[in-house]
Every structure is written in C-alpha cells, then in structure tokens.
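FYI, it's all coordinate maths here, none of it is from the lab. The structure presented is a predicted model; accordingly, all values stated were derived computationally and were not measured. Using ideal geometry, Cβ is built from the backbone for each residue, glycine included, and neighbour counts are taken over all protein chains shown.
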Amino acid sequence: MNLVPEVLTSIPFGVNADGYQVRLSLFTKSGGSVTLIGGNPGQGKSSAVKIILAGCVGTNSCVIWFDPKSGADANPYKDRVEVVSDPRNPGQFLDYLVRIQELIFQRNQIISQGYDINILPRVVLFIDEWALLTALGTKQEQQLIQTEIRNLAATGRSANVSLVLATQRPTSVNIDVATRELSNNRVAFLVGDTHASEAILGQTGAESKTNPLRPGQALVWLDGQLQRTTIYEVPEQLSTWCKNAAGYKITLQDAEELGEIFSRESGINDI
Ligand SMILES: Nc1ncnc2c1ncn2[C@@H]1O[C@H](COP(=O)(O)OP(=O)(O)O)[C@@H](O)[C@H]1O
Ligand SMILES: [Mg+2]
C-alpha cells in the first residue's frame, strides 16, 4: 500500500476475449461517471461491486455503499467504506441521497466561483440491489428515493460524484432510459431475455443462449464498445486491505466538512 493515497481515476475490472485488461473509468477529466450493472441472481453483480471497491481502497476517495440486504455484502469492508444497510429504515437511505445532492450543490457553487474542486475527495456511491431499495417504505418514500437516485445520475458528474448501480431485475421499468443513457459504463451479466439486455446495454446480447455468459462473465459496454469480459475474482484479502486502509476512510460527513472549510477559506458564502 502506498503511503500517500492515489487520486481515483479508472480501475482494473477484468480481461476481455482478446486477453486485454478492461478498466472502468470512475472519474475522467470531465468528472464522475455512472456505472450500471445488471443481471440474474448469482451471476456476479455484488462481486463486480467488490472489484470496483478494490480499485478504490487505496485512493483518496469517499466510498459509500448502500446495501439494503442488511449489509450482507458490504459489512466486511466497513473499515474503509461507509455502509448504509438497514432495510427497516428507508429514511436513512433518503437522508444520504439528499446530503449527497447538497454536497453536489456545494461543489457546484465552488466551481461557479472559479475554483478547482479537485483537491476535494472524489465520492463514489455504490447502490447494490437498486430495485430492492426503491421498493422500501411507503409509496412516497419509494418515489423520493427513485427521484433522488435519478437526480444523482444526472448531476453528479461535474461535482466529482460517481454512481455505481447494480440491480437484479433489470426491466425497462426500473432502469429508465434516461439513467441508462447517462451511464458511461454498462455491465450486463446473464439475463433472462432481450428486454433485460436492452434495459442495461441499450442492445441485445446478454440473454444469448447459443454462447451464454457464465457466472463472473459480462458484456461490458464502454464508450459505445461492447466487450465480453471475465471479471476479476474478488481477492480474499479485500477485507484485510480495507482494514489496513482504515486511515484513508473518508465519510460523507468528512467530505461535507472539507467542502465547508474550502468554501469558507475561499470566501464563498455558506448556504
Ligand atoms: N468474477 C467471478 N469469478 C468467479 N466466480 C464468480 C465471479 N463473480 C461471481 N462469482 C461466483 O458467483 C457467486 C455469486 O456472485 P454474486 O456477486 O453474489 O452475484 P449477484 O450479486 O449477481 O447475485 C459468487 O459467490 C461466486 O462464487
Ligand atoms: Mg448481489
């Protein structure tokens, strides 16, 4: 592990059919990104999220993981990751979404004053089981959570906020076209039918029965190019890495406070 955390840019994700490494860009010169991951249960979605996490561990980034399955997947990484996981408390997910939206607003204000926000930590939000999350709580809460996630997908980029969305039941209903169109990175594991493939990738293929994707394999769409990719296996030491990198943990509250300090020091009025 390096002594100084690196800046988070792209992360190693897997190997394509030609044997080349496939990397996912979480951040580029123009800011954050949206990554959409879909596929049948047991095909490797949560594992893919962990591989992305592995690329974030040693970087100067705030990593937040919504895991509404009571943290079953995320909890081993708590030392480095802020885990939000209680399915009985949909208000907590909503509260985080609203706070991230406010952080985006704060950063946009800093940018509008001509300052560079790159000294502030990059933020990555993992939402595993997106469909499950948007089905929690009352109808009104569900609507609010859904709207907030869509807003984040639309506004996070310029504020260096990246979103990673994974969902089990990819239908054109729970992945709206606008969110898919905003996704720079699309990862489709095996799905049941062409509609599900189209909902994730914008094209068919992930449903193929002639040369079916195996667990851990996905069609990865990057900048308009589709690559059949074998995703790396989750390293057994990932939770140990997270423990060793506990000093790099940046909570949402830390990110908020850093933004406030930056705004104050540069004479931008607090809101
Ligand atoms: N990249 C991979 N390489 C090898 N096996 C994998 C890979 N991804 C997933 N698997 C296998 O599939 C199982 C289910 O993966 P998981 O990520 O939990 O699926 P999902 O979140 O889509 O339900 C894992 O426990 C593992 O055994
Ligand atoms: Mg899963």
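Within segment 56-96, which chymotrypsin sites (Phe, Trp or Tyr not before Pro) sit in a loop by DSSP and count at most 10 neighbouring Cβ atoms inside 10 Å? Taking segment 56-96 and a limit of 10 other Cβ atoms within 10 Å, no loop chymotrypsin sites (Phe, Trp or Tyr not before Pro) are found. Residues Cys242, Cys62, ranked from the fewest to the most other C-beta atoms within 10 Å, line up as Cys242, Cys62. Each 10 Å bin from 0 upward holds the following percent of the Cα-Cα pairs of segment 30-86: 21, 53, 24, 2. Remark on the chain: Rg and Dmax equal 18.0, 62 Å (Cα only). Fewest-first ordering of Val177, Val124 by other beta carbons within 10 Å of each residue's beta carbon gives Val177, Val124.
For the chain, what does -39500 (n - 2.57) per DSSP helix run (n ≥ 4), summed and divided by total residues, give at 222 nm, in deg cm²/dmol to the nearest 500? Mind showing how you got there, number by number?
Working: 8 runs with 90 residues, N = 271.
Only helices count here, giving -10000 deg cm²/dmol.
Could you work out, for segment 106-206, what percent of all Cα-Cα pairs fall into each 10 Å distance bin, beginning at 0 Å and stopping at the bin that holds the largest distance? Once binned at 10 Å, the Cα pair distances of segment 106-206 give 14, 41, 29, 13, 2. Annotation for segment 180-218 versus segment 103-125: alpha-carbon center distance of 34 Å.
Can you list the trypsin sites (Lys or Arg not before Pro) in segment 1-89 that are in a DSSP coil and have 12 or fewer other beta carbons within 10 angstrom? Sites meeting the loop and neighbour criteria: Lys29, Arg88. Remark: spin-label model distance Arg99-Asp86 equals 1.3 nm, labels positioned 7 Å along the Cα→Cβ axis.
Comparing segment 159-225 with the 2.2 N^0.38 Å rule of thumb, its C-alpha radius of gyration ratio is 1.09 (two decimals).
Close amide-amide hydrogen proximity is noted between Asn160 and Gly32, each under 5 Å apart and 5 or more residues distant or on a separate chain (H modeled in the peptide plane; Pro and chain starts excluded). For segment 226-242, 3J(HN,Hα) computed residue by residue from phi via the Karplus equation (6.51, -1.76, 1.60; θ = phi - 60°) reads 9, 10, 6, 10, 8, 6, 4, 6, 5, x, 4, 7, 4, 5, 5, 4, 5 Hz, glycine and proline entered as x. Scanning residues 5 or more positions from Cys62 or on other chains, those with amide H under 5 Å from its amide H are Arg122, Val123, Val124, with H placed 1.01 Å from N in the peptide plane.
Specify which residue in the list Leu133, Gln146, Leu36 is farthest towards the positive end of the charge dipole of the chain, using unit charges on the beta carbon of Lys, Arg (+1) and Asp, Glu (-1), about the Cα centre. Value computed over the given set: Leu36.
Scan the chain and hand back the longest stretch that contains none of the GluC sites (Glu not before Pro) lying in DSSP loops with at most 16 other Cβ atoms within 10 Å.
The answer is 1-232.
What the phi angles of segment 181-198 give under the Karplus curve with 6.51, -1.76 and 1.60, with θ = phi - 60°, is a coupling list of 4, 7, 7, 6, 10, 10, 10, 10, 7, 4, 10, x, 8, 4, 4, 5, 4, 5 Hz, glycine and proline written as x. Of all aspartates and glutamates in the structure, those lying under 19 Å Cα to Cα from Lys69, and not within fewer than 8 positions of it along the same chain, are Asp79, Glu82, Asp86, Asp95, Asp128, Glu129, Glu141. Exposure proxy shown here: for Trp221, Trp130, the number of other Cβ atoms within 10 Å sets the order, fewest to most, as Trp221, Trp130.
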